[in-house]
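Colleague: Take a look at this one; I'll ask things after.
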Amino acid sequence: MNIETELATALRRPAPSTVTTGSLLGVGMIDGYTVFESPVGDVIVSFNPSGVSSVDLADDGSEARFTERIGREMVPARPPSGWETKIGRAIERGAPGDLPIDFRAVTSFRRSVLEATASIPRGQVRSYGWLAHQVGNDGAVRAVGSTMASNPVPLIVPCHRVVRTDGTIGNYSLGGAHNKRELLVHEGTDPEWLESLARRSVRFIGSATTRIVCHPTCAHARRITERHRIEFTALQEAIDAGLRTCQVCRP
């Protein structure tokens, strides 16, 4: 059975609406949704034959917000075979993996930013400026921030791992800054430590032994002992001091 057929037969609505609504679901004119657990509470995950289309907090306003953002209706349904496990795994890992994502509601620029965001490892953070550089447009920092604010699939595309260019935590579309901090703590990152670096304008950390400079949350940076740690306010400052950029975190 293909995905379109599975979706068309997956609805939990009773007859007589099942046949009509199921047909619309199978061709992607409406989306199905299921509630999943997450580290910040229950979330509604919507999907269609093209992939997962949105993640939102499970509350009374979720269906209206979906229609406003995506332009379609969503109805209760079971995900296609195998997707339920993939969705749960993507939420926990904070990465889509092999779960298909429906990016049709975003521009090509925003899609490129979201795909770059999905590459940020669990437990690490990157800045708006880093994302702008990754998509080849260093001047698009504000557009990157707007993309994070309108990310249709938070948790799965981990915009909670993106901080402001000044290093501060910033806001979060899925329940605000509190939820963002909760997610970072869940992944082993200390938001208070990140904020303390931001207050001191520390953006990069280098090693006096390896002569490599990293993002502060990079796994390699975390292994640098205190007496060998060098703090930098700008990447060029580290390069001028003779350090090489980390090939893993790519500052």
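The values are calculated or read from the model by the stated rules, or taken from the named source; none is laboratory data. Every value quoted in this text rests on a predicted model; they were computed, and no experiment measured them. Counting neighbours? That spans all protein chains shown, and the Cβs are built from the backbone with ideal geometry, glycine included. Remember, those area values only see protein heavy atoms, side chains included, never the ligands or the DNA or RNA. Shrake-Rupley method; radii C 1.70, N 1.55, O 1.52, S 1.80 Å.
Colleague: Given the options 112, 46, 127, state which has the largest fluctuation in a GNM of the chain using a 10 Å cut-off (strictly under) for Cα springs.
Modeller: 112
Colleague: Still on this structure: For residue 59, what is the net charge nearby, where nearby means another residue's Cβ is under 14 Å from its Cβ and Lys, Arg count +1, Asp, Glu -1?
Modeller: Overall, the nearby charge balance is -3.
Colleague: Ok, one more. Summarise the long-distance tail of P(r) for segment 123-251 by giving the % of C-alpha pairs beyond 27 Å.
Modeller: For segment 123-251, the share of Cα pairs beyond 27 Å comes to 17 percent.
Colleague: If Lys and Arg each add +1 and Asp and Glu each add -1, what is the summed charge of the other residues whose beta carbon sits under 10 Å from the beta carbon of residue 124?
Modeller: +3
Colleague: Considering only DSSP beta bridges where both residues belong to the chain, give the percentage that are antiparallel (nearest 5).
Modeller: 70 percent
Colleague: Let me ask you something else. With labels modelled as points extended 7 Å from the Cα through the Cβ direction, what inter-label distance (nm, one decimal) is found for residue 35 paired with residue 202?
Modeller: 4.3 nm
Colleague: Could you work out how much longer the chain between residue 73 and residue 142 gets when fully extended? Use 0.36 nm per residue separation minus the Cα distance between them, nm to one decimal.
Modeller: On the way: separation 69, 0.36 × 69 = 24.84 nm, distance 3.05 nm.
Computed gain between residue 73 and residue 142 is 21.8 nm.
Colleague: Take the Cβ-Cβ distance between residue 186 and residue 104 as r, set R0 to 41 Å, and report the resulting FRET efficiency rounded to the nearest 0.05.
Modeller: On the way: r = 30 Å, r/R0 = 0.73.
The calculated FRET efficiency here is 0.85.
Colleague: Separate question: Place a +1 charge on the Cβ of each Lys and Arg in the chain and a -1 charge on the Cβ of each Asp and Glu, then give the dipole magnitude about the Cα centre in debye, rounded to the nearest 20.
Modeller: Roughly 820 debye for the chain.
Colleague: With every atom except the alpha carbons ignored, what do you get for Rg and Dmax of the chain, in angstroms?
Modeller: Considering the chain through its Cα atoms, Rg and Dmax are 20.4, 72 Å.
Colleague: Using Cβ-Cβ distances only, list the Cys residues of the chain with no partner cysteine under 4.7 Å, sorted by number.
Modeller: By the Cβ distance rule, which asks for a partner under 4.7 Å, the isolated cysteines are 159.
Colleague: Expressed as a whole percentage, what fraction of the accessible surface of the chain belongs to carbon and sulfur atoms when a 1.4 Å probe is rolled over the protein heavy atoms? Write down the numbers at each step before the final one.
Modeller: Values: 6040 of 11950 Å².
About 51 percent, which is the carbon plus sulfur part of the accessible surface.
Colleague: Still on this model: Tally Lys and Arg at +1 and Asp and Glu at -1 over the other residues with C-beta under 13 Å from the C-beta of residue 111: what net charge comes out?
Modeller: Net local charge, residue 111 excluded: 0.
Colleague: A follow-up question, please. Out of 45, 208, 165, whose Cα points farthest toward the positive end of the dipole of the chain (charges: +1 Lys, Arg; -1 Asp, Glu; placed on Cβ)?
Modeller: The Cα lying farthest towards the positive end belongs to 208.
Colleague: Sticking with this structure for a sec: If a paramagnetic tag sat 7 Å from the Cα of residue 93 along the Cα-Cβ line, which residues of segment 120-156 would have the backbone N under 11 Å from that point?
Modeller: 122
Colleague: With each pseudo-label sitting 7 Å past Cα toward Cβ, what's the residue 59-residue 164 distance in nm, one decimal?
Modeller: The two pseudo-label positions are separated by 2.3 nm.
Colleague: Each label point is 7 Å from the Cα along the Cα-to-Cβ direction; what then is the distance between the points at residue 223 and residue 244, in nm?
Modeller: 1.5 nm
Colleague: Computed over the Cα atoms of segment 68-128, what is the convex hull's projected area averaged over all directions, in nm²?
Modeller: 5.5 nm²
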